[in-house]
Amino acid sequence: MKLRLMPVLLTVLLSAGLLFGGFYAYRQFAVQEPLEKVVSSYEGVKDSHISINRNEVTLKLDLAPGTKLRELVQYVQSEGGSALSGRSLKLDLEQHTSPLLDEYWNDALFSVAEAMESGKYTLIPAKLEGLTLDAKYKEVTATTEIDETNVYVSLSDGKESKFIILPRVSQAMGAWNNA
């Protein structure tokens with residue numbers, strides 16, 4: 001039996017094209033696009049970019065000041081459906097911070113780190129509110145939220161915002177990479 005080269009090559013190329021094209025179409029239209037609609041429909045999300053790999057879904061978000069992070073995470077996890085099945089959710093937030101918000105966070109950082117390390121999460125809102133008594137921080141609004149895995153801190157001065165996600169699981173000593 002003699003196989004002709006041209007029909008075999010065409011069959012292989014056509015099969016590979018259908019296989020990978022079908023995989024791409026499924027991933028784009030059945031997984032990523034519905035998740036993009038869910039994320040962009042949430043109030044306060046100005047822009048989003050989604051990256052999905054085997055073990056993780058990464059959301060790169062541009063948020064408006066005052067957006068509630070914990071509620072956003074819960075909304076995406078509950079409405080995300082098949083895009084999140086078996087994958088962890090990672091948020092990468094675009095920061096629109098100001099020198100005032102950075103200085104506010106730097107002043108609060110030691111107390112927040114101490115509360116995180118000791119597991120006394122109720123000290124965090126008290127410390128952040130205590131800083132607003134200082135005259136230079138009068139226009140800063142601090143919001144803290146908590147869920148099973150993270151503590152969410154949102155700082156805003158009305159125009160600019162800074163979002164911090166602190167994992168509740170203790171890690172090795174060092175600086176938080178998302179602060």
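The values are calculated or read from the model by the stated rules, or taken from the named source; none is laboratory data. On a predicted model such as this, the values are computed, not experimentally measured, just so you know. Please note: Cβ atoms are built from the backbone with ideal geometry, for glycine as well, and neighbour counts cover all protein chains shown. The area values use the complete protein model at the heavy-atom level, side chains included, leaving out ligands, DNA and RNA. Shrake-Rupley method; radii C 1.70, N 1.55, O 1.52, S 1.80 Å.
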Condition check: within 18 Å of Lys162 (Cα to Cα), open to solvent by less than 20 Å² (accessible area, probe 1.4 Å), assigned to a helix (DSSP H, G or I) and of a type outside the set (Phe, Trp, Tyr). Does Leu128 satisfy that? yes
Residue pairs within 9 Å by beta carbon, gap of at least six or interchain, first lying in the stretch 1-17 and at positive phi, second surrounded by 10 or more Cβ atoms within 10 Å (Cβ to Cβ), listed first then second, are none
